[in-house]
Amino acid sequence: MLAVICGLNSYGAATRKHYDYDEPDKHMGDYISACVAILVISSLIVAIFILLFLGPLSGVLGLSQGWILAGVLYAVGNFVVQLRLRQWQVRKKPIKYGQFQISQSALNAGFSLFLVVIIAIGVDGRLIGITSAMILFGGFGALLLWRDNLLRFSWQPTLMKDALSFSVPLLPHFIGGFLLLTVDRAVISSVLGLEAAGHYMVAMQLALALNLLLQSIHKAYVPWLFERIKRDSSEEKRQIIKGTYIYFLGLAVI
């Protein structure tokens with residue numbers, strides 16, 4: 001939930017904005033800096049709110065105060081990681097995209113397994129693995145953006161307003177997605193217990209194996225789609241719509 005609020009998903013606006021520029025590499029640095037400014041401001045507001053209500057939040061959520069605060073750092077790292085990945089996506093650089101994401105996943109899984117299995121510190125080990133991997137790769141992603149001249153220290157209120165005009169109307173969609181992913185677990189754990197919720201999550205992860213294929217298709221499809229939308233050809237738009245219906249039919253058959 002914090003990952004939705006911190007930055008207000010403005011990295012999606014940066015993905016779309018790439019196609020508005022004829023020479024995106026000259027202009028995207030300022031736009032991405034505006035998105036990072038949104039991230040900093042929104043994260044500070046969230047952190048202050050959490051600090052003010054840390055005790056009650058800890059009681060309601062059943063989490064220690066330290067892990068609630070760590071959630072803000074995780075959200076910040078996640079934003080930068082998504083920003084870096086999506087800029088590779090729109091530039092059609094799947095190898096760099098894959099190397100970065102797989103390395104992050106490997107650190108996440110490896111560190112978690114070490115802390116849970118070898119050190120045997122339980123659920124905290126898994127939380128440490130997830131959070132530390134995201135924070136480290138968030139910092140690494142920021143360095144890579146800086147190296148590629150896609151991150152500058154500049155104040156761009158006009159560009160911030162443009163990014164928010166795209167991302168804020170999508171917040172109900174992202175919050176709805178968060179609820180869809182969590183309400184089922186909350187109901188099962190409250191009615192049947194945590195053990196049943198754990199079994200349910202294992203089964204659901206197996207059922208979502210097809211999602212690996214669908215996400216790969218989607219990541220390749222987005223740059224292709226936006227390039228054609230920018231050309232504004234009625235014939236190409238009709239082909240996109242027909243292709244979409246065929247794709248939906250294929251998914252239904254699968």
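The values are calculated or read from the model by the stated rules, or taken from the named source; none is laboratory data. None of the values given here were measured: they were computed from a predicted structure. Ideal geometry is used to build each Cβ from the backbone, glycine not excepted, and the neighbour counts take in all protein chains shown. Please note that ligands, DNA and RNA were not included when accessible areas were found on the heavy atoms of the full protein model with its side chains. Shrake-Rupley method; radii C 1.70, N 1.55, O 1.52, S 1.80 Å.
Based on every Cα atom in the range 88-151, Rg and the maximum pairwise Cα distance Dmax equal 14.3, 43 Å. Could you give log10 I(q)/I(0) at q = 0.13, 0.15, 0.19, 0.20 Å⁻¹ for the range 40-151, computed by the Debye formula over C-alpha point scatterers of equal weight, without solvent? One equal scatterer on each Cα of the range 40-151 leads to -0.60, -0.76, -1.02, -1.06. Under conditions of 37 °C and 0.692 mPa s, the chain yields 161 µm² s⁻¹ as its translational diffusion coefficient, taking Rh as the Kirkwood radius over Cα pairs in the Stokes-Einstein equation.
Quick one: pull the percent of accessible area on the chain belonging to carbon and sulfur, 1.4 Å probe, ligands and nucleic acids left out. Kindly include the intermediate steps, with their values, before the conclusion.
Values: 10800 of 15150 Å².
It is 71 percent, rounded to a whole number.
Close Lys pairs in the chain, defined as Cα atoms under 19 Å apart and 8 or more places apart or on different chains, number 15.
Highest mean packing first, where packing is the average number of other Cβ atoms within 10 Å per residue, the peptides 7-18, 34-45, 235-246 line up as 7-18, 34-45, 235-246. Once the Cα atoms are used to define both axes, helix 157-167 deviates from the longest principal axis of the chain by about 70 degrees.
If packing is taken as the mean number of other Cβ atoms within 10 Å per residue, what is the order of 120-126, 135-141, 149-155, 210-216, highest first?
Details: 120-126: 12.7, 135-141: 19.1, 149-155: 14.7, 210-216: 10.7.
Top of the packing list down: 135-141, 149-155, 120-126, 210-216.
How much space per residue, in cubic angstrom, does the convex hull of the C-alpha atoms of the range 38-91 take up?
Values: hull volume 4.0 nm³, N = 54.
In the range 38-91, the Cα hull volume divided by residue count equals 74 Å³.
Coupling constants for the range 55-61 follow from the phi torsions by the Karplus curve (6.51 cos²θ - 1.76 cosθ + 1.60, θ = phi - 60°), and in residue order they are x, x, 4, 4, x, 5, 7 Hz; glycine and proline get x.
Compactness of the range 132-254 is given as radius of gyration and Dmax, 20.4, 55 Å, from Cα positions.
Convex hull over the alpha-carbon atoms of the range 193-233: what's its volume per residue in Å³? Normalising the Cα hull of the range 193-233 by residue number yields 83 Å³.
Here the dipole of the range 41-137 is about 640 debye; that uses its Cα centre as origin and unit charges on the Cβ of Lys and Arg (positive) and Asp and Glu (negative).
Each stretch of four or more DSSP H residues adds -39500 (n - 2.57); spread over every residue of the chain, this sum gives -27500 deg cm²/dmol at 222 nm. Cα-based values for the range 121-202, radius of gyration first and Dmax second, are 19.2, 52 Å. Considering only Ala133, Thr158, Val183, and ranking their Cα positions along the charge dipole of the range 129-204 that arises from unit charges at the beta-carbon of Lys, Arg, Asp and Glu, the one farthest toward the positive end is Thr158.
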